[in-house]
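Comments concern the structure below.
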Amino acid sequence: NLFMEKIWQLIIIGGGPVGLSAALKAKQNNYDFLLLESQSKLGGQLMELYPEKEIIDISGHDSILAKDYINWLLSQFDNSDKARFYLNEKVNHLKTLNELVEVKTDTTAYQAKAVIIATGLGVYMPRLLECHGAEGCQNIIYALHRLDFLKDKRVAILGGGDAALDWARDISRHTPYVTLIHRRNEFRGDISVIENISTLKIKKPFIPTKIKKEHDEA
């Protein structure tokens with residue numbers, strides 16, 4: 001294995017919004033730091049799942065799309081910074097070495113005086129819809145990267161958390177044919193985000209049991 005001789009002041013594990021925010025704070029404090037991200041791009045779940053999602057609780061931004069927030073964070077760094085961002089570097093082991101921490105990936109061992117773990121929920125794997133007819137159905141979307149292609153289409157959203165309610169609000173701006181289906185009577189997310197959407201239909205408590213495609217026989 002290649003062993004890196006350099007001792008970093010800080011290593012940040014994870015290149016999502018928290019990891020990038022930590023990197024920005026490290027830059028502002030003139031730290032010499034390394035950020036390790038296991039995926040091939042930075043941004044975490046905001047880029048992988050919710051690039052078009054509106055964020056309204058970021059300090060300094062009244063309202064900003066998730067992808068624009070990540071791009072804003074990345075724009076704060078340039079080649080003159082005392083920072084390195086390494087992609088496709090999955091950390092698999094940490095151990096202390098006297099006053100240092102050794103961070104091992106599949107190919108390299110790095111040393112730092114301090115480590116920030118900002119992995120969040122880790123690498124995203126969607127929980128697939130488990131009902132008859134769902135397997136191989138191209139119209140079931142687990143990660144929504146664009147909204148414009150949904151214009152005037154009929155859309156059903158399954159869920160009752162913040163993500164489902166936010167998508168119900170955002171998609172309703174593109175089509176008046178949105179139905180929100182939840183398995184419980186109570187929503188876990190903030191119901192206020194959909195209270196004034198007159199076109200939104202809500203079905204609860206309902207659990208999907210079968211996907212029937214157009215022209216399928218009963």
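The values are calculated or read from the model by the stated rules, or taken from the named source; none is laboratory data. Treat the numbers as computed from the prediction; the structure is a model and nothing was measured. Ideal geometry is used to build each Cβ from the backbone, glycine not excepted, and the neighbour counts take in all protein chains shown. Side chains are part of the model used for accessible areas, which takes the heavy atoms of the whole protein and leaves out ligands, DNA and RNA. Shrake-Rupley method; radii C 1.70, N 1.55, O 1.52, S 1.80 Å.
Let's see how each residue does on (1) open to solvent by 20 Å² or more (accessible area, probe 1.4 Å); (2) out of contact with any strand residue (DSSP E or B) (no Cβ under 9 Å at 6 or more places or on another chain):
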{"site": "Leu129", "(1), (2)": "yes, no"}
{"site": "Ala134", "(1), (2)": "no, no"}
{"site": "His145", "(1), (2)": "yes, yes"}
{"site": "Lys153", "(1), (2)": "yes, yes"}
{"site": "Gly161", "(1), (2)": "no, yes"}
{"site": "Leu165", "(1), (2)": "no, no"}
{"site": "Arg169", "(1), (2)": "yes, no"}
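Residues in region 108-145 that are under 23 Å from Leu20 (Cα atoms) and in contact (Cβ under 8 Å) with a residue 12 or more places away in the chain: 19 in all.
Determine whether region 176-184 contains at least one residue that is touching a Lys or Arg at 6+ places or on another chain (Cβ under 6 Å), in a strand (DSSP E or B) and among the hydrophobic types (A, V, I, L, M, F, W, C). Yes, that holds for at least one residue. Of the residues making up region 17-44, those that are surrounded by fewer than 18 Cβ atoms within 10 Å (Cβ to Cβ) and part of a helix (DSSP H, G or I) are Val18, Ser21, Leu24, Lys25, Lys27, Gln28. Within the set Tyr50, Tyr69, the sole residue that is within 25 Å of Pro126 (Cα to Cα), of a type in the set (Phe, Trp, Tyr) and at pLDDT 90 or above turns out to be Tyr69.
Picking from residues in region 185-194 that are in a loop (DSSP other than H, G, I, E, B) and touching a helix residue (DSSP H, G or I) at 6+ places or on another chain (Cβ under 8 Å), the one that is surrounded by the most Cβ atoms within 10 Å (Cβ to Cβ) is Phe187.
On the basis of being touching a residue at least 60 places away in the same chain (Cβ under 8 Å), in contact with a Lys or Arg (Cβ under 9 Å, 6 or more places away or on another chain) and among the charged types (D, E, K, R), does Glu99 make the cut? In short, no. Reported count of residues in region 123-175, each being in a strand (DSSP E or B) and of a type outside the set (Gly, Ala, Ser), is 4.
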